[in-house]
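In what follows, a structure is listed as structure tokens, so that the remarks can point back to it.
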Amino acid sequence: MSPSALDGVRVIEFCDEIGSYCGKLLADLGADVIKVEPPGGGWQRHTPPYFRDQEGVDTSLWFWVHNTSKRSVVLDLETDEGRALARKLALTADVLLEDFPPGYLAARGLGYEELHAAKPSLVYTSITGFGQFGPHAHYAYSDIVGQAMGGVMTLAGEPDDPPNMIVGNQANICASIDAAQGTLLALLYAERTGKGQHVDVSAQEAISMAQETAMQTWDLQKRNRVRTGEKGMIPVALPGWGVYRAKDGWVQLMVLAPAGKDFPALVDWMRERGMAADLDEEPYASLCAQLSMPFVTQVMTNPESAMAVIPQLAHINEVVKAFIATLGAVEAYEEGQRRQLLVGLVSTPKHLAENAQLRARGWYRPVEFPHLGVTIEFPGPPYRLSETPARIGRPPRLGEHTAEVLAELR
Amino acid sequence: MTDLPLSGIRVADFSWFGAGPIAGQTLAAFGAEVVRVESEAKIDSLRVVQPFAMNPDGTFKTGYNVSGYFNNFNAGKLSIQLNLNTEKGQELAYRLIERSDVFLTNFTPRVIEKWNLRYEQIRQVNPRIIAAYAPMQGLEGPHRDFLGFGAVLTPVTGISELSGFPHRPPIGVGTNYPDYVVNPGHTVVAILAALRHRERTGKGQLIELPQIESVVNVLGTAVLDYLANGRVQTRAGNRHPAAAPHGAFRCKDDFESVNSPDRWVAIACRTEEQWRALCTAFGHPDVADDPRFATLSARKANEDELEALVGSWTRDRKAEEVMELLQAHGVPCGVVQNAQDLLERDPHIRARGYYQYLDHPETGRSAYDGPVARLSETPGYHRAPAPLLGEHTWEVCTRILGLSDDEIADLLAEGVLT
């Protein structure tokens, strides 16, 4: 078996929803991540969906995907004994991860100052909604609140709808990814100098990087970017640009973007299938020939310039819609891409499970659950390291390793 | 100078657009010397798209150096212009890689092959190199050469299908979300892990980060629900299976919020205590026991009514007031903030000093996102604003590549340093 990048690193994780993905990243890269959980388990163990819809502390799929390759120890931090064991355990670690509200662990004798004094090389990473200090540090947090306060929700959705959140607890994910970076930076430093430190990650700050250009637009132009929905940033509906309904799903077309072939290549495809209608006739033919990025740029800077051709554009778009509607979504994606047209499949989870690229690359990894008598395919790691590949190990049952880990402590 | 975690590490940054450059910027903020290789022959499009800095007369500044989109992802780097379409440009690229610890790119496999920058090639000149490639689909596989960028990745990875309201088409999330944290963050994690392995063994390695794999990874629950249960999830708006109310609720309009006067708060009641506290905070403690809303399952069953009711409580109040009121009662609640809020009105972000303001020769004093995490002993920071195109060509050629002034003059004349 090849070595792991984080061989020999021990992580004690006091995390629930915000930080568990950070622990997963470290665990899959080979760190020995011991998750300390409260009796009964935390939120994540009680969040649906469940395996075969069997509700229980060991069957939450939310918990599973964010806790691969870890060990689980149950300790009650509300008791003296639990706190004493937690402290002992923490001092065996190179890294401590925690996502409690600021001050929670300090009040239980497990704060940064106290543990740092006892073990100066310890990297202590705190992952919270708003960080360790500041007027909102103690605000009650949940993922959607992080997405809202971080400036990404205001950008998502139709202008007439409420702002949209992004699927999958992405404020927590961003916080965890930033925490993994901060933790590894601090670990490299500690391994070189013997000096540990406190790493402070705020979910609000972490996801705010995903505002794309909104921050800079305000800073440079004193203008807020707003949500523009299906139209995107272009004020006029353009053919070959946006979400189209296929026979059995949706595809996204961005044919006018510079990375692929221009609109006439789409018309070629439509003509071959007998679906080009009157696009080879004027006034449409010459307009189709012009449809590329310079046209989009012109429309974006000067919407009036497109006024005269809006009815023609709308007609061309109807012809494109009618064509896409005759195709299967996967067919439109794969054949469009073969023709070097910028077509994206709006993948459903089923599409992702069947995705030809992911399958050919063996990305999904079988994970055995002997106690359930099943082997389930899990999403693979985000990266491939040629010498130290990441591995996806089974997520632990609640307290599965309590006896084993406490025995190591004696 | 403070010793930072990556002091002494040099990064040859052959990336462009969002995901690659942000990874390089993080490495720079924590002490690495990052040399961004650029060329007018294949200009990073982010240098030439909005938002541009403005002149005092309200017109946009022009040129390669005034885009906030580019600048915010490239702070603290050196920029060398190198035309990799020329043989000599490729030779110099090799010389840079030979003298670097990390190689970083998110160009497509086809471009990498054209420029002779495959791992098998560059390891010949530097076996200790950590070479990180972040192509859209991967370096191998039937979709290897599929076209795309963040805007296509959002639908292809499932984000579009799973985000937004169910009665709307899958319109995406308003940004190329994966480009800014998920992909650059995963890239940095992999590079740091590989650096640790090299510290211990002396061995470099190849890192491949197919962006599709990186992004589907963070939607794992929905994918696993299909793989394990055969269930095909779709978008569910702002709702949560184990919380209600859970969503965005409209507040009083605020015309100081520039071109975005509609104001909203996000509210999440995860527990019965939070639900009761919400009702009490709004002066309707009796509603908590209304049989339509008294339990989570009742609230889920009557969610349209529930949302209308909570919306009626928020509609005539300022968003900030609702947030403070509910937070005082321990209910997770936050204003749906825009960039103006984050930069100017959020007292918390200001108190934490998250944004770093840097003087840039063409844009003037501009805001940059702070580093990914606060390290108490070795805090990261942007040591310089984003470089002008080719600002450090001469410096990199002399100090790092060891070229003489005459050699540089020849290369300039031959169009290699363009």
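The values are calculated or read from the model by the stated rules, or taken from the named source; none is laboratory data. Since we're looking at a predicted model, the values are computed, not measured. Neighbour counts run over all protein chains shown; Cβ positions are idealised from the backbone, glycine included.
Looking at the structure I just gave you, is A:THR217 facing another protein chain (nearest Cβ under 7 Å), hydroxyl-bearing (Ser, Thr, Tyr) and surrounded by fewer than 24 Cβ atoms within 10 Å (Cβ to Cβ)? Against the criterion (facing another protein chain (nearest Cβ under 7 Å), hydroxyl-bearing (Ser, Thr, Tyr) and surrounded by fewer than 24 Cβ atoms within 10 Å (Cβ to Cβ)), A:THR217 qualifies. Could you list, in sequence order, all residues of segment A:393-410 that are under 21 Å from A:GLU368 (Cβ atoms) and in a loop (DSSP other than H, G, I, E, B)? Residues satisfying the conditions are A:GLY393, A:ARG394, A:PRO395, A:PRO396, A:ARG397, A:LEU398, A:GLY399, A:GLU400, A:HIS401. Taking each residue of segment A:76-94 that is closer than 13 Å to A:VAL405 by Cα and looking for partners that are part of a loop (DSSP other than H, G, I, E, B) and modelled with pLDDT of 95 or more with beta-carbon atoms closer than 7 Å, six or more apart or interchain, yields A:LEU85/A:LEU75; A:ALA86/A:LEU75; A:ALA86/A:LEU77; A:ALA86/A:LEU110; A:ALA90/A:LEU110; A:ALA93/A:LEU122. Any chance you could count how many residues in segment B:251-264 are within 28 Å of B:ARG299 (Cβ to Cβ) and facing chain A (nearest Cβ under 7 Å)? Total meeting the criteria: 1. Condition check: facing chain B (nearest Cβ under 7 Å), of a type in the set (Asp, Glu), part of a helix (DSSP H, G or I) and buried (at least 23 other Cβ atoms within 10 Å of the Cβ). Does A:GLU205 satisfy that? Against the criterion (facing chain B (nearest Cβ under 7 Å), of a type in the set (Asp, Glu), part of a helix (DSSP H, G or I) and buried (at least 23 other Cβ atoms within 10 Å of the Cβ)), A:GLU205 qualifies.
Those helices (runs of 4 or more DSSP H) of segment A:294-392 in which 2 or more residues are more than 23 Å from B:PHE149 (Cα to Cα) and touching a helix residue (DSSP H, G or I) at 6+ places or on another chain (Cβ under 8 Å) occupy A:310-324.
For segment A:85-101, state whether one or more residues are within 14 Å of chain B (Cβ to nearest Cβ), part of a loop (DSSP other than H, G, I, E, B) and touching a helix residue (DSSP H, G or I) at 6+ places or on another chain (Cβ under 7 Å). Checked segment A:85-101: at least one residue is within 14 Å of chain B (Cβ to nearest Cβ), part of a loop (DSSP other than H, G, I, E, B) and touching a helix residue (DSSP H, G or I) at 6+ places or on another chain (Cβ under 7 Å).
Has segment B:112-134 got at least one residue that is surrounded by 22 or more Cβ atoms within 10 Å (Cβ to Cβ) and at the interface with chain A (Cβ under 8 Å from one of its Cβ atoms)? Checking segment B:112-134: not a single residue is surrounded by 22 or more Cβ atoms within 10 Å (Cβ to Cβ) and at the interface with chain A (Cβ under 8 Å from one of its Cβ atoms).
For beta carbons closer than 7 Å, sequence separation of 6+ or different chains, a first residue in segment A:312-340 that is on the phi < 0 side of the Ramachandran plot and a second that is among the basic types (Lys, Arg) and modelled with pLDDT under 95, the qualifying pairs are A:ARG339/A:LYS261. Among the aliphatic types (A, V, I, L, M), within 10 Å of chain B (Cβ to nearest Cβ) and not in a loop (DSSP other than H, G, I, E, B) - does that describe any residue in segment A:112-126? Yes, because at least one residue in segment A:112-126 is among the aliphatic types (A, V, I, L, M), within 10 Å of chain B (Cβ to nearest Cβ) and not in a loop (DSSP other than H, G, I, E, B). Only one entry of A:PRO159, A:PRO163 meets the criterion of being farther than 18 Å from B:TYR354 by Cβ, more than 7 Å from chain B (Cβ to nearest Cβ), in contact (Cβ under 8 Å) with a residue 12 or more places away in the chain and not in a helix (DSSP H, G or I), and that entry is A:PRO159. Of all residues in segment A:364-410, those that are touching a residue at least 12 places away in the same chain (Cβ under 8 Å), out of contact with any His (no Cβ under 6 Å at 6 or more places or on another chain) and farther than 29 Å from A:VAL57 by Cβ total 3. If the condition is being free of Cβ contacts under 8 Å to residues at least 24 places away in the same chain and of a type in the set (D, E, K, R), then segment B:351-402 contributes B:ARG352, B:ARG365, B:ARG374, B:GLU377, B:ARG399. Every listed requirement among (1) free of Cβ contacts under 8 Å to residues at least 24 places away in the same chain; (2) buried (at least 22 other Cβ atoms within 10 Å of the Cβ) is met by B:GLU87 save one, (2).
Among the candidates B:GLY20, B:GLY24, which residue alone is in contact (Cβ under 8 Å) with a residue 60 or more places away in the chain, away from chain A (no Cβ under 12 Å) and closer than 30 Å to A:GLN298 by Cβ? From the options B:GLY20, B:GLY24, the qualifying one is B:GLY20. Whether any residue in segment B:225-239 is of a type outside the set (A, V, I, L, M), in contact with a strand residue (DSSP E or B) (Cβ under 6 Å, 6 or more places away or on another chain) and more than 7 Å from chain A (Cβ to nearest Cβ) is what I want to check. Checking segment B:225-239: at least one residue is of a type outside the set (A, V, I, L, M), in contact with a strand residue (DSSP E or B) (Cβ under 6 Å, 6 or more places away or on another chain) and more than 7 Å from chain A (Cβ to nearest Cβ).
Conditions (1) of a type outside the set (Val, Ile, Thr); (2) in contact with a strand residue (DSSP E or B) (Cβ under 8 Å, 6 or more places away or on another chain), marked per residue:
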{"position": "A:SER292", "(1), (2)": "yes, no"}
{"position": "A:PHE295", "(1), (2)": "yes, no"}
{"position": "A:LEU313", "(1), (2)": "yes, no"}
{"position": "A:ILE316", "(1), (2)": "no, no"}
{"position": "A:HIS351", "(1), (2)": "yes, yes"}
{"position": "A:ASN355", "(1), (2)": "yes, no"}
{"position": "A:TYR364", "(1), (2)": "yes, yes"}
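Considering segment A:366-410, and only residues there that are small (Gly, Ala, Ser) and at the interface with chain B (Cβ under 10 Å from one of its Cβ atoms), the residue that is surrounded by the fewest Cβ atoms within 10 Å (Cβ to Cβ) turns out to be A:SER386. Entry remark, segment B:268-308: residues being touching a residue at least 12 places away in the same chain (Cβ under 8 Å), part of a loop (DSSP other than H, G, I, E, B) and among the aliphatic types (A, V, I, L, M) number 0 in total. Taking every residue in segment A:16-43 that is in a helix (DSSP H, G or I) and pairing it with any residue that is of a type in the set (Lys, Arg) and modelled with pLDDT of 95 or more, at least 6 positions away or on another chain, the pairs with Cβ-Cβ distances below 7 Å are A:GLY23/A:LYS35; A:GLY23/A:LYS70; A:ALA27/A:LYS70; A:ASP28/A:ARG391. When B:ARG168 is tested against (1) more than 7 Å from chain A (Cβ to nearest Cβ); (2) charged (D, E, K, R); (3) in a loop (DSSP other than H, G, I, E, B), exactly one condition is not met: (1). Scanning segment A:166-186 for residues that are more than 7 Å from chain B (Cβ to nearest Cβ) and not polar (S, T, N, Q) turns up A:ALA171, A:ALA175.
Scanning segment B:227-282 for residues that are farther than 21 Å from A:THR154 by Cα, at pLDDT 95 or above, surrounded by fewer than 18 Cβ atoms within 10 Å (Cβ to Cβ) and small (Gly, Ala, Ser) yields a count of 1. With respect to the conditions (1) touching a Ser or Thr at 6+ places or on another chain (Cβ under 8 Å); (2) closer than 21 Å to B:TYR226 by Cβ, A:ARG365 falls short on a single one, namely (1). Looking only at residues of segment B:198-222 that are more than 23 Å from the chain's Cα centre (by Cα) and surrounded by 24 or more Cβ atoms within 10 Å (Cβ to Cβ), we find that the one that is nearest to the other protein chains (Cβ to nearest Cβ) is B:GLN205. Residues of segment B:309-343 that are within 30 Å of the chain's Cα centre (by Cα) and more than 9 Å from chain A (Cβ to nearest Cβ): B:ALA319, B:GLU320, B:VAL322, B:GLU324. From the list A:LEU253, A:LEU266, the lone residue that is of a type outside the set (Ser, Thr, Tyr), surrounded by 21 or more Cβ atoms within 10 Å (Cβ to Cβ) and in a helix (DSSP H, G or I) is A:LEU266.
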